[in-house]
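Take a look at the structure set out below.
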Amino acid sequence: MNPTIIEPFKIKVVEPIALLTREQREAHLRKAGFNLFALPAEAVTFDLLTDSGTSAMSAAQWAAMMIADESYAGSRSFFRFEKVIRDLTGYTHIIPTHQGRASERILFALTVKPGLTIPSNAHFDTTRANIEFDGGTCVDLVIAEGRDPQSEHPFKGNIDLGRLEAFCREHKGSIPLGMMTITNNTGGGQPVSLENLRAAAAIYRRHQIPFILDACRFAENAYFVQQREPGQRNRSVREIAQEIFRLADGCTMSGKKDGLVNMGGFLALNDSKLAEEARNLLILTEGFPTYGGCAARDLEAFAVGIEEAMDESYLEYRQATVRYLARGLEQAGMPTVKPPGGHAVYVDARAFLPHVPPEQYPGHTLSCALYREGGIRSCEIGSVMFGKRDPKGKFLPAAMELVRLALPRRVYTQSHVDRIVEIARDVAARATELRGLRMTYCPKYLPHFTAQFEPM
Ligand code: F0G
(Lines give C-alpha, C1' and ligand atoms only; values in the text may rest on other atoms or scores of the structure.)
Protein backbone atom coordinates (compact mmCIF):
# COMPACT_ATOMS: atom_id res chain seq x y z
CA MET A 1 0.00 0.00 0.00
CA ASN A 2 1.28 3.48 -0.85
CA PRO A 3 1.90 5.68 2.17
CA THR A 4 -0.56 8.55 2.69
CA ILE A 5 0.77 11.76 1.18
CA ILE A 6 0.76 14.14 4.14
CA GLU A 7 0.69 17.91 4.40
CA PRO A 8 4.46 18.56 4.42
CA PHE A 9 4.20 21.25 7.10
CA LYS A 10 3.01 21.69 10.64
CA ILE A 11 0.79 24.54 11.69
CA LYS A 12 2.23 27.39 13.74
CA VAL A 13 -0.44 30.06 13.42
CA VAL A 14 -4.13 29.24 13.25
CA GLU A 15 -7.20 31.19 12.33
CA PRO A 16 -10.73 30.21 13.35
CA ILE A 17 -13.22 29.44 10.63
CA ALA A 18 -16.92 30.13 10.88
CA LEU A 19 -19.25 27.32 11.85
CA LEU A 20 -22.79 28.44 11.15
CA THR A 21 -26.19 26.82 11.32
CA ARG A 22 -28.18 26.15 8.18
CA GLU A 23 -30.63 28.91 9.23
CA GLN A 24 -27.76 31.41 9.52
CA ARG A 25 -26.40 30.44 6.10
CA GLU A 26 -29.90 30.67 4.61
CA ALA A 27 -30.22 34.21 6.00
CA HIS A 28 -26.79 35.22 4.67
CA LEU A 29 -27.65 33.81 1.26
CA ARG A 30 -30.87 35.86 1.06
CA LYS A 31 -29.15 38.99 2.28
CA ALA A 32 -26.46 38.51 -0.39
CA GLY A 33 -29.08 38.29 -3.14
CA PHE A 34 -27.88 34.73 -3.77
CA ASN A 35 -24.52 36.05 -4.95
CA LEU A 36 -21.63 34.42 -3.07
CA PHE A 37 -19.31 37.36 -3.82
CA ALA A 38 -21.62 39.43 -1.62
CA LEU A 39 -21.19 37.18 1.43
CA PRO A 40 -19.04 38.44 4.28
CA ALA A 41 -16.08 36.04 4.44
CA GLU A 42 -16.92 35.47 8.10
CA ALA A 43 -20.02 33.62 6.98
CA VAL A 44 -17.98 31.12 4.94
CA THR A 45 -16.64 27.85 6.36
CA PHE A 46 -14.65 26.61 3.35
CA ASP A 47 -13.58 29.44 1.07
CA LEU A 48 -12.85 27.86 -2.30
CA LEU A 49 -13.68 30.99 -4.29
CA THR A 50 -10.10 31.35 -5.50
CA ASP A 51 -6.51 30.19 -5.03
CA SER A 52 -5.35 33.75 -5.66
CA GLY A 53 -3.87 35.72 -2.79
CA THR A 54 -5.24 33.23 -0.29
CA SER A 55 -2.08 31.21 0.46
CA ALA A 56 -0.83 30.59 3.98
CA MET A 57 2.66 32.00 4.32
CA SER A 58 5.50 30.08 5.91
CA ALA A 59 7.51 31.01 9.00
CA ALA A 60 10.42 31.73 6.64
CA GLN A 61 8.31 34.19 4.67
CA TRP A 62 7.16 36.01 7.81
CA ALA A 63 10.75 36.11 9.05
CA ALA A 64 11.96 37.59 5.76
CA MET A 65 9.29 40.30 6.03
CA MET A 66 10.72 41.42 9.35
CA ILE A 67 14.13 42.14 7.86
CA ALA A 68 12.81 43.94 4.78
CA ASP A 69 14.41 47.23 3.82
CA GLU A 70 11.62 49.75 3.17
CA SER A 71 13.85 52.35 1.48
CA TYR A 72 12.03 54.20 -1.28
CA ALA A 73 14.86 53.72 -3.78
CA GLY A 74 17.46 50.99 -4.06
CA SER A 75 16.02 48.77 -1.33
CA ARG A 76 18.10 45.71 -0.40
CA SER A 77 14.87 43.67 -0.57
CA PHE A 78 14.42 44.57 -4.22
CA PHE A 79 17.89 43.33 -5.14
CA ARG A 80 17.25 40.07 -3.32
CA PHE A 81 13.92 39.69 -5.12
CA GLU A 82 15.48 40.57 -8.47
CA LYS A 83 18.23 37.97 -7.99
CA VAL A 84 15.77 35.19 -7.13
CA ILE A 85 13.54 35.96 -10.12
CA ARG A 86 16.48 36.38 -12.47
CA ASP A 87 18.05 33.05 -11.42
CA LEU A 88 14.74 31.34 -12.05
CA THR A 89 13.65 33.03 -15.26
CA GLY A 90 16.88 34.21 -16.87
CA TYR A 91 15.17 37.46 -17.89
CA THR A 92 17.19 40.69 -17.90
CA HIS A 93 14.62 43.14 -16.54
CA ILE A 94 12.52 42.38 -13.46
CA ILE A 95 9.78 44.94 -12.80
CA PRO A 96 7.72 44.46 -9.61
CA THR A 97 3.98 45.20 -9.76
CA HIS A 98 1.20 44.84 -7.21
CA GLN A 99 -0.43 41.91 -9.00
CA GLY A 100 -0.70 40.10 -12.33
CA ARG A 101 -3.14 42.42 -14.04
CA ALA A 102 -0.94 45.46 -13.31
CA SER A 103 1.85 43.77 -15.32
CA GLU A 104 -0.65 43.03 -18.08
CA ARG A 105 -1.92 46.61 -18.17
CA ILE A 106 1.60 48.04 -18.53
CA LEU A 107 2.75 45.50 -21.12
CA PHE A 108 -0.32 45.83 -23.33
CA ALA A 109 -0.48 49.64 -23.06
CA LEU A 110 2.95 49.60 -24.72
CA THR A 111 2.40 46.91 -27.33
CA VAL A 112 -1.30 46.66 -28.26
CA LYS A 113 -3.17 48.97 -30.63
CA PRO A 114 -6.50 48.67 -32.46
CA GLY A 115 -6.18 46.19 -35.29
CA LEU A 116 -3.55 44.07 -33.53
CA THR A 117 -4.24 40.53 -32.39
CA ILE A 118 -2.69 38.32 -29.68
CA PRO A 119 -2.78 34.53 -29.87
CA SER A 120 -2.53 32.27 -26.81
CA ASN A 121 -3.61 28.82 -25.72
CA ALA A 122 -6.27 30.64 -23.66
CA HIS A 123 -6.27 34.17 -22.28
CA PHE A 124 -7.39 34.65 -18.69
CA ASP A 125 -10.24 37.20 -18.17
CA THR A 126 -8.02 40.05 -16.94
CA THR A 127 -5.54 39.48 -19.77
CA ARG A 128 -8.35 39.54 -22.29
CA ALA A 129 -9.93 42.62 -20.73
CA ASN A 130 -6.62 44.53 -20.73
CA ILE A 131 -5.88 43.64 -24.38
CA GLU A 132 -9.40 44.57 -25.47
CA PHE A 133 -9.19 47.81 -23.49
CA ASP A 134 -6.26 48.80 -25.73
CA GLY A 135 -8.23 47.89 -28.84
CA GLY A 136 -6.60 44.52 -29.51
CA THR A 137 -8.21 41.17 -30.22
CA CYS A 138 -7.59 37.95 -28.27
CA VAL A 139 -7.52 34.57 -29.95
CA ASP A 140 -7.58 31.29 -28.00
CA LEU A 141 -6.02 28.36 -29.85
CA VAL A 142 -6.18 25.60 -27.23
CA ILE A 143 -6.29 22.02 -28.59
CA ALA A 144 -9.75 20.45 -29.10
CA GLU A 145 -9.26 18.12 -26.10
CA GLY A 146 -8.90 21.24 -23.93
CA ARG A 147 -12.56 22.05 -24.57
CA ASP A 148 -13.87 18.56 -23.79
CA PRO A 149 -14.60 18.08 -20.05
CA GLN A 150 -14.29 14.30 -20.35
CA SER A 151 -11.02 14.08 -22.29
CA GLU A 152 -8.20 12.57 -20.20
CA HIS A 153 -5.45 14.17 -22.32
CA PRO A 154 -2.49 14.80 -19.94
CA PHE A 155 -1.80 18.31 -21.31
CA LYS A 156 -5.18 19.85 -22.06
CA GLY A 157 -3.64 23.33 -21.88
CA ASN A 158 -1.59 22.75 -25.07
CA ILE A 159 -1.93 25.15 -27.95
CA ASP A 160 -2.95 23.80 -31.37
CA LEU A 161 0.37 24.17 -33.19
CA GLY A 162 -1.10 23.82 -36.68
CA ARG A 163 -3.59 26.59 -36.01
CA LEU A 164 -0.90 28.75 -34.39
CA GLU A 165 1.38 28.41 -37.42
CA ALA A 166 -1.48 29.26 -39.80
CA PHE A 167 -2.57 32.16 -37.60
CA CYS A 168 0.92 33.68 -37.53
CA ARG A 169 1.18 33.43 -41.29
CA GLU A 170 -2.28 34.88 -41.89
CA HIS A 171 -1.84 37.82 -39.49
CA LYS A 172 1.74 38.67 -40.40
CA GLY A 173 2.61 42.16 -39.20
CA SER A 174 -0.33 42.50 -36.83
CA ILE A 175 0.80 40.28 -33.94
CA PRO A 176 2.78 42.40 -31.43
CA LEU A 177 3.37 39.39 -29.15
CA GLY A 178 2.26 35.80 -28.64
CA MET A 179 1.32 34.27 -25.29
CA MET A 180 0.89 30.99 -23.42
CA THR A 181 -0.92 30.69 -20.09
CA ILE A 182 0.59 28.09 -17.73
CA THR A 183 -1.47 26.41 -16.43
CA ASN A 184 -4.61 27.17 -18.43
CA ASN A 185 -6.96 28.49 -15.76
CA THR A 186 -10.01 29.10 -17.96
CA GLY A 187 -9.73 25.54 -19.28
CA GLY A 188 -9.68 23.93 -15.83
CA GLY A 189 -6.14 24.58 -14.54
CA GLN A 190 -4.77 22.29 -17.24
CA PRO A 191 -1.02 22.14 -17.93
CA VAL A 192 0.96 22.73 -21.12
CA SER A 193 3.64 20.19 -22.06
CA LEU A 194 7.27 21.19 -22.43
CA GLU A 195 7.21 19.80 -25.95
CA ASN A 196 4.27 22.06 -26.82
CA LEU A 197 5.95 25.10 -25.24
CA ARG A 198 9.16 24.40 -27.20
CA ALA A 199 7.23 24.09 -30.46
CA ALA A 200 5.14 27.23 -29.82
CA ALA A 201 8.33 29.16 -28.99
CA ALA A 202 9.89 27.99 -32.26
CA ILE A 203 6.84 29.16 -34.23
CA TYR A 204 6.86 32.57 -32.55
CA ARG A 205 10.62 32.86 -33.13
CA ARG A 206 10.33 31.93 -36.81
CA HIS A 207 7.73 34.64 -37.25
CA GLN A 208 9.78 37.11 -35.17
CA ILE A 209 6.95 37.50 -32.67
CA PRO A 210 8.02 38.14 -29.05
CA PHE A 211 6.82 35.32 -26.78
CA ILE A 212 5.40 36.25 -23.37
CA LEU A 213 4.31 33.70 -20.75
CA ASP A 214 1.44 34.22 -18.33
CA ALA A 215 3.36 32.38 -15.63
CA CYS A 216 1.01 32.60 -12.58
CA ARG A 217 1.03 28.84 -11.99
CA PHE A 218 4.40 27.95 -13.54
CA ALA A 219 5.43 25.64 -10.66
CA GLU A 220 2.25 23.57 -10.86
CA ASN A 221 2.75 23.37 -14.63
CA ALA A 222 6.40 22.30 -14.26
CA TYR A 223 5.34 19.61 -11.76
CA PHE A 224 2.83 18.17 -14.25
CA VAL A 225 5.59 18.12 -16.89
CA GLN A 226 7.85 16.21 -14.51
CA GLN A 227 5.10 13.72 -13.62
CA ARG A 228 3.45 13.21 -17.00
CA GLU A 229 5.84 13.99 -19.83
CA PRO A 230 8.07 11.22 -21.19
CA GLY A 231 11.74 11.83 -20.38
CA GLN A 232 11.14 14.47 -17.66
CA ARG A 233 10.95 12.28 -14.52
CA ASN A 234 14.58 12.71 -13.57
CA ARG A 235 14.68 16.48 -13.85
CA SER A 236 13.84 18.76 -10.95
CA VAL A 237 10.79 21.03 -11.10
CA ARG A 238 13.17 23.96 -10.84
CA GLU A 239 15.18 22.81 -13.87
CA ILE A 240 12.00 22.33 -15.89
CA ALA A 241 10.69 25.74 -14.85
CA GLN A 242 14.01 27.35 -15.77
CA GLU A 243 13.82 25.82 -19.23
CA ILE A 244 10.21 26.94 -19.69
CA PHE A 245 11.02 30.55 -18.80
CA ARG A 246 14.03 30.54 -21.13
CA LEU A 247 11.86 29.53 -24.09
CA ALA A 248 10.11 32.91 -23.87
CA ASP A 249 11.20 36.54 -24.07
CA GLY A 250 9.47 37.58 -20.88
CA CYS A 251 6.48 36.96 -18.65
CA THR A 252 3.66 38.47 -16.65
CA MET A 253 3.29 36.96 -13.19
CA SER A 254 0.78 37.09 -10.40
CA GLY A 255 2.62 36.19 -7.21
CA LYS A 256 -0.77 35.57 -5.63
CA LYS A 257 -0.65 32.03 -7.05
CA ASP A 258 2.74 30.31 -7.28
CA GLY A 259 4.48 33.17 -5.47
CA LEU A 260 2.69 32.03 -2.30
CA VAL A 261 1.98 35.63 -1.31
CA ASN A 262 -1.18 37.56 -0.61
CA MET A 263 -0.22 40.42 -2.92
CA GLY A 264 2.49 40.96 -5.53
CA GLY A 265 3.44 40.37 -9.14
CA PHE A 266 6.02 41.25 -11.74
CA LEU A 267 6.66 41.89 -15.38
CA ALA A 268 9.91 40.45 -16.71
CA LEU A 269 11.40 41.25 -20.10
CA ASN A 270 14.57 40.77 -22.11
CA ASP A 271 13.88 43.70 -24.46
CA SER A 272 15.69 46.68 -22.90
CA LYS A 273 13.81 49.37 -24.79
CA LEU A 274 10.43 47.90 -23.90
CA ALA A 275 11.56 47.49 -20.28
CA GLU A 276 12.58 51.14 -20.11
CA GLU A 277 9.14 52.20 -21.36
CA ALA A 278 7.50 49.79 -18.90
CA ARG A 279 9.44 51.32 -16.00
CA ASN A 280 8.30 54.77 -17.07
CA LEU A 281 4.67 53.64 -17.01
CA LEU A 282 5.26 51.79 -13.74
CA ILE A 283 6.27 55.05 -12.07
CA LEU A 284 2.97 56.65 -13.11
CA THR A 285 0.66 54.22 -11.34
CA GLU A 286 2.58 51.54 -9.43
CA GLY A 287 5.70 53.17 -8.01
CA PHE A 288 9.45 53.51 -8.25
CA PRO A 289 11.06 50.56 -10.10
CA THR A 290 12.70 49.12 -6.98
CA TYR A 291 9.36 48.54 -5.27
CA GLY A 292 6.74 48.76 -8.03
CA GLY A 293 3.36 48.23 -6.46
CA CYS A 294 4.70 46.44 -3.38
CA ALA A 295 6.09 47.13 0.05
CA ALA A 296 9.63 45.77 0.40
CA ARG A 297 8.28 43.19 2.86
CA ASP A 298 5.98 41.90 0.09
CA LEU A 299 9.02 41.46 -2.16
CA GLU A 300 10.84 39.55 0.60
CA ALA A 301 7.87 37.21 1.15
CA PHE A 302 7.58 36.72 -2.62
CA ALA A 303 11.29 35.89 -3.02
CA VAL A 304 10.96 33.16 -0.38
CA GLY A 305 7.50 32.00 -1.54
CA ILE A 306 8.39 31.45 -5.16
CA GLU A 307 11.19 29.08 -4.08
CA GLU A 308 8.86 27.23 -1.69
CA ALA A 309 6.34 26.80 -4.52
CA MET A 310 8.91 24.65 -6.35
CA ASP A 311 9.45 22.35 -3.36
CA GLU A 312 8.53 18.94 -4.70
CA SER A 313 7.04 17.52 -1.51
CA TYR A 314 4.78 20.59 -1.39
CA LEU A 315 3.77 20.11 -5.04
CA GLU A 316 3.17 16.40 -4.50
CA TYR A 317 0.89 17.17 -1.55
CA ARG A 318 -0.89 19.91 -3.49
CA GLN A 319 -1.64 17.69 -6.47
CA ALA A 320 -2.68 14.88 -4.14
CA THR A 321 -5.18 17.23 -2.47
CA VAL A 322 -6.71 18.29 -5.79
CA ARG A 323 -6.96 14.64 -6.94
CA TYR A 324 -8.40 13.57 -3.57
CA LEU A 325 -11.10 16.24 -3.76
CA ALA A 326 -11.91 15.34 -7.38
CA ARG A 327 -12.20 11.63 -6.55
CA GLY A 328 -14.36 12.41 -3.52
CA LEU A 329 -16.73 14.60 -5.55
CA GLU A 330 -17.01 11.95 -8.26
CA GLN A 331 -17.82 9.31 -5.64
CA ALA A 332 -20.35 11.71 -4.14
CA GLY A 333 -22.07 11.80 -7.52
CA MET A 334 -20.74 15.07 -8.92
CA PRO A 335 -19.22 14.79 -12.40
CA THR A 336 -15.95 16.76 -12.66
CA VAL A 337 -13.75 18.03 -15.48
CA LYS A 338 -11.06 15.42 -16.18
CA PRO A 339 -8.27 15.07 -15.34
CA PRO A 340 -8.25 17.37 -12.28
CA GLY A 341 -6.14 20.49 -12.88
CA GLY A 342 -3.43 22.12 -10.84
CA HIS A 343 -5.28 24.44 -8.50
CA ALA A 344 -8.94 23.52 -8.56
CA VAL A 345 -11.63 20.95 -9.24
CA TYR A 346 -14.30 21.97 -11.73
CA VAL A 347 -17.74 20.36 -11.36
CA ASP A 348 -19.81 19.90 -14.52
CA ALA A 349 -23.09 21.38 -13.27
CA ARG A 350 -24.93 20.81 -16.55
CA ALA A 351 -24.40 17.07 -16.16
CA PHE A 352 -25.15 17.22 -12.41
CA LEU A 353 -28.41 19.20 -12.67
CA PRO A 354 -29.86 18.24 -16.08
CA HIS A 355 -33.32 19.41 -14.97
CA VAL A 356 -32.15 23.01 -14.46
CA PRO A 357 -32.08 24.81 -17.83
CA PRO A 358 -29.12 27.12 -18.63
CA GLU A 359 -31.27 30.25 -18.25
CA GLN A 360 -31.86 29.20 -14.64
CA TYR A 361 -28.10 28.89 -14.06
CA PRO A 362 -27.31 25.29 -13.06
CA GLY A 363 -23.74 26.23 -12.03
CA HIS A 364 -24.87 29.05 -9.84
CA THR A 365 -27.66 26.89 -8.43
CA LEU A 366 -25.06 24.31 -7.40
CA SER A 367 -22.78 27.00 -5.93
CA CYS A 368 -25.63 28.28 -3.76
CA ALA A 369 -26.58 24.74 -2.71
CA LEU A 370 -22.99 23.97 -1.59
CA TYR A 371 -23.02 27.12 0.52
CA ARG A 372 -26.46 26.46 2.00
CA GLU A 373 -25.61 22.85 2.82
CA GLY A 374 -22.21 23.38 4.42
CA GLY A 375 -20.80 26.88 4.01
CA ILE A 376 -18.64 26.12 0.94
CA ARG A 377 -17.98 29.15 -1.25
CA SER A 378 -17.19 28.25 -4.86
CA CYS A 379 -17.25 30.16 -8.12
CA GLU A 380 -19.61 29.63 -11.03
CA ILE A 381 -17.93 29.62 -14.44
CA GLY A 382 -20.93 29.32 -16.69
CA SER A 383 -23.92 31.29 -17.88
CA VAL A 384 -23.82 33.87 -15.09
CA MET A 385 -20.25 34.74 -16.10
CA PHE A 386 -20.48 34.25 -19.86
CA GLY A 387 -24.19 33.99 -20.78
CA LYS A 388 -25.53 36.66 -23.15
CA ARG A 389 -28.78 37.84 -24.67
CA ASP A 390 -29.12 38.47 -28.39
CA PRO A 391 -30.76 41.73 -29.61
CA LYS A 392 -34.19 40.04 -29.47
CA GLY A 393 -33.66 39.09 -25.83
CA LYS A 394 -33.08 35.41 -26.50
CA PHE A 395 -30.81 33.79 -23.89
CA LEU A 396 -27.46 32.50 -25.22
CA PRO A 397 -25.91 30.16 -22.63
CA ALA A 398 -22.19 29.70 -21.96
CA ALA A 399 -20.37 26.78 -23.59
CA MET A 400 -20.11 24.95 -20.25
CA GLU A 401 -21.79 25.25 -16.85
CA LEU A 402 -18.95 24.73 -14.40
CA VAL A 403 -18.41 25.33 -10.71
CA ARG A 404 -14.80 25.87 -9.66
CA LEU A 405 -13.67 24.68 -6.25
CA ALA A 406 -10.26 26.35 -6.02
CA LEU A 407 -7.85 25.24 -3.32
CA PRO A 408 -5.95 27.96 -1.48
CA ARG A 409 -2.32 26.89 -0.98
CA ARG A 410 -1.41 25.28 2.36
CA VAL A 411 -4.68 26.41 3.98
CA TYR A 412 -6.99 23.40 4.33
CA THR A 413 -6.17 19.94 5.67
CA GLN A 414 -7.37 16.51 4.66
CA SER A 415 -10.23 16.54 7.18
CA HIS A 416 -11.44 19.80 5.66
CA VAL A 417 -11.53 18.10 2.27
CA ASP A 418 -13.30 15.08 3.79
CA ARG A 419 -15.97 17.36 5.18
CA ILE A 420 -16.33 19.19 1.84
CA VAL A 421 -16.95 15.83 0.17
CA GLU A 422 -19.60 14.93 2.81
CA ILE A 423 -21.39 18.20 2.07
CA ALA A 424 -21.23 17.45 -1.66
CA ARG A 425 -22.75 14.02 -0.98
CA ASP A 426 -25.63 15.62 0.92
CA VAL A 427 -26.23 18.05 -1.93
CA ALA A 428 -26.08 15.20 -4.46
CA ALA A 429 -28.64 13.19 -2.47
CA ARG A 430 -31.18 15.97 -3.05
CA ALA A 431 -30.03 17.09 -6.49
CA THR A 432 -33.39 16.48 -8.16
CA GLU A 433 -35.08 18.81 -5.66
CA LEU A 434 -32.79 21.75 -6.45
CA ARG A 435 -34.54 24.56 -8.26
CA GLY A 436 -32.82 27.10 -10.46
CA LEU A 437 -32.50 30.85 -9.99
CA ARG A 438 -33.84 33.91 -11.74
CA MET A 439 -31.49 36.87 -12.23
CA THR A 440 -33.19 39.97 -10.82
CA TYR A 441 -30.34 42.43 -11.38
CA CYS A 442 -27.70 42.25 -14.10
CA PRO A 443 -24.93 44.86 -14.19
CA LYS A 444 -23.46 45.97 -17.52
CA TYR A 445 -20.02 44.41 -17.03
CA LEU A 446 -18.73 41.26 -15.28
CA PRO A 447 -22.16 40.18 -14.00
CA HIS A 448 -20.88 37.42 -11.72
CA PHE A 449 -19.46 39.93 -9.23
CA THR A 450 -22.65 41.87 -8.49
CA ALA A 451 -25.68 40.19 -10.11
CA GLN A 452 -28.65 39.46 -7.82
CA PHE A 453 -30.92 36.41 -7.92
CA GLU A 454 -34.01 34.84 -6.41
CA PRO A 455 -34.99 31.17 -6.32
CA MET A 456 -37.48 29.96 -8.96
N1 F0G B 1 -3.54 35.19 -15.34
C2 F0G B 1 -4.15 34.10 -14.83
C3 F0G B 1 -4.00 32.79 -15.54
C4 F0G B 1 -4.92 34.20 -13.65
O5 F0G B 1 -5.51 33.09 -13.17
C6 F0G B 1 -5.04 35.45 -13.00
C7 F0G B 1 -5.84 35.59 -11.79
C8 F0G B 1 -4.36 36.56 -13.56
C9 F0G B 1 -3.63 36.39 -14.72
C10 F0G B 1 -4.43 37.92 -12.94
O11 F0G B 1 -3.69 37.99 -11.77
O12 F0G B 1 -5.37 38.49 -10.00
O13 F0G B 1 -2.93 38.93 -9.65
O14 F0G B 1 -4.24 40.35 -11.18
N15 F0G B 1 -6.68 34.71 -11.40
C16 F0G B 1 -7.50 34.74 -10.19
C17 F0G B 1 -8.41 33.55 -10.14
C18 F0G B 1 -8.20 36.02 -9.96
O19 F0G B 1 -9.27 33.48 -9.23
O20 F0G B 1 -8.28 32.63 -10.96
P21 F0G B 1 -4.09 38.98 -10.58
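The values are calculated or read from the model by the stated rules, or taken from the named source; none is laboratory data. Remember, predicted model here, so these are calculated numbers, not experimental data. Using ideal geometry, Cβ is built from the backbone for each residue, glycine included, and neighbour counts are taken over all protein chains shown. Quick note on the areas: whole protein, heavy atoms, side chains included, nothing else; ligands and nucleic acids left out. Shrake-Rupley method; radii C 1.70, N 1.55, O 1.52, S 1.80 Å.
Could you pull out which residues in region 170-188 have an amide N less than 18 Å from a spot 7 Å beyond the Cα of A351, following the Cα-Cβ vector? Counting backbone N atoms under 18 Å from the label point, the list is 187-188.
In plain terms, the C-alpha convex hull of region 1-85 casts an average shadow of 10.6 nm² when viewed from every direction. Region 208-226 and region 254-273 have Cα centres spaced 13 Å apart. Modelled spin-label separation between F37 and K113, with each label point placed 7 Å from Cα along the Cα-to-Cβ direction: 3.4 nm. The Stokes-Einstein estimate for region 269-337, based on a Kirkwood radius over Cα pairs and taken at 37 °C with 0.692 mPa s viscosity, is a diffusion coefficient of 208 µm²/s.
Tell me the carbon and sulfur percent of the accessible area for the chain, rounded to whole percent, probe radius 1.4 Å. So the carbon and sulfur contribution to the accessible surface is 55 percent. In the chain, helices alone account for a calculated mean residue ellipticity at 222 nm of -12500 deg cm²/dmol, with every DSSP H run of four or more residues adding -39,500 (n - 2.57).
Relative to the longest principal axis of the Cα atoms of the chain, the long axis of helix 100-111 lies at roughly 50 degrees. Shape analysis of the chain based on the Cα gyration tensor places the equivalent ellipsoid semi-axes at 34, 26, 22 Å, largest first.
Mind running the shape call on region 162-231? Use the C-alpha gyration tensor, a ≥ b ≥ c as the square roots of the eigenvalues: rounded below 1.5 for a/c, prolate if a/b tops b/c, oblate otherwise.
On the way: a/c = 2.39, a/b = 1.84, b/c = 1.30.
Prolate is the answer for region 162-231, as a/c is 1.5 or above and a/b outweighs b/c.
Could you state the accessible area per residue of region 59-308 in Å², with a 1.4 Å probe and every protein chain left in place? Before the final figure, lay out the partial values.
Working: 9570 Å² over 250 residues.
Accessible area per residue: 38 Å².
The longest part of the chain holding none of the exposed loop chymotrypsin sites (Phe, Trp or Tyr not before Pro), meaning those outside H, G, I, E and B in DSSP with at most 16 other Cβ atoms within 10 Å, is 73-444.
About the centre of its Cα atoms, region 1-117 shows a dipole size close to 240 debye [charges on the beta carbon of Lys, Arg (+1) and Asp, Glu (-1) only; nearest 20 debye].
Among DSSP bridges having both ends in the chain, what percentage is antiparallel? Round to the nearest 5. Can you show the working numbers first?
On the way: 27 of 40 bridges.
Counting only bridges with both partners in the chain, antiparallel ones make up about 70 percent.
Over all orientations, region 59-308 has a Cα convex hull whose mean projected area works out to 12.9 square nanometres. Apply 1/(1 + (r/R0)^6) to the Cβ-Cβ distance of S415 and S174, taking R0 = 56 Å, and write down the FRET efficiency to the nearest 0.05. Efficiency, rounded to the nearest 0.05: 0.55. Loop sites here are GluC sites (Glu not before Pro) outside DSSP states H, G, I, E and B with no more than 11 other Cβ atoms within 10 Å. The longest part of the chain free of them is 153-456. Considering only T181, S103, I118, the residue lying farthest towards the positive end of the dipole of the chain is I118, judged by Cα position with unit charges set on Cβ. Across region 59-308, the mean sequence separation of Cα contacts (distance under 8 Å, 6 or more residues apart), normalised by length, yields a relative contact order of 31 percent. For K394, a cut-off of 15 angstrom between C-alpha atoms picks up these aspartates and glutamates, skipping any fewer than 8 places away in its own chain: E359. Normalised by the number of residues in the chain, the mean separation of alpha-carbon contacts (under 8 Å, six or more apart) gives a relative contact order of 22 percent.
Here the dipole of region 253-391 is about 540 debye; that uses its Cα centre as origin and unit charges on the Cβ of Lys and Arg (positive) and Asp and Glu (negative). Approximating the spin labels as points 7 Å out from Cα along Cα→Cβ, the A18-to-A166 distance works out to 5.1 nm. Remark on V142: its backbone amide H falls under 5 Å from those of D160, a criterion applied only to residues 5 or more positions apart or on other chains, H modelled at 1.01 Å from N.
What's the longest uninterrupted piece of the chain once you rule out the trypsin sites (Lys or Arg not before Pro) that are loop residues per DSSP with at most 14 other Cβ within 10 Å? Free of exposed loop sites, the longest segment is 13-171. Pairs of lysine residues in region 59-308 that meet both criteria, 8 or more places apart or on different chains and Cα atoms under 30 Å apart, total 13. Translational diffusion of region 186-343, estimated by Stokes-Einstein from the Kirkwood radius over alpha carbon pairs at 20 °C in a medium of 1.002 mPa s, is 124 µm² per second. Separation of region 283-326 from region 186-203 is 22 Å, based on Cα centroids.
By the gyration tensor of its Cα atoms, with a ≥ b ≥ c the square roots of the eigenvalues, what is the shape of region 292-448: rounded for a/c under 1.5, prolate for a/b over b/c, or oblate? Cα axes put region 292-448 in the oblate bin. Counting charges near N184 (Lys, Arg +1; Asp, Glu -1) among other residues having Cβ under 10 Å from its Cβ returns a value of 0.
Placing +1 on the Cβ of every Lys and Arg and -1 on the Cβ of every Asp and Glu, with no other charges, gives region 59-308 a dipole of roughly 320 debye about its Cα centre.
Where a ≥ b ≥ c are the square roots of the eigenvalues of the C-alpha gyration tensor, would you call region 119-210 rounded, which needs a/c under 1.5, or, failing that, prolate if a/b is larger than b/c, or oblate? Oblate, since a/c reaches 1.5 and b/c is not below a/b.
In degrees, nearest 10, range 0 to 90: what is the angle between the Cα axis of helix 218-228 and the longest Cα principal axis of the chain? So the inclination is approximately 80 degrees.
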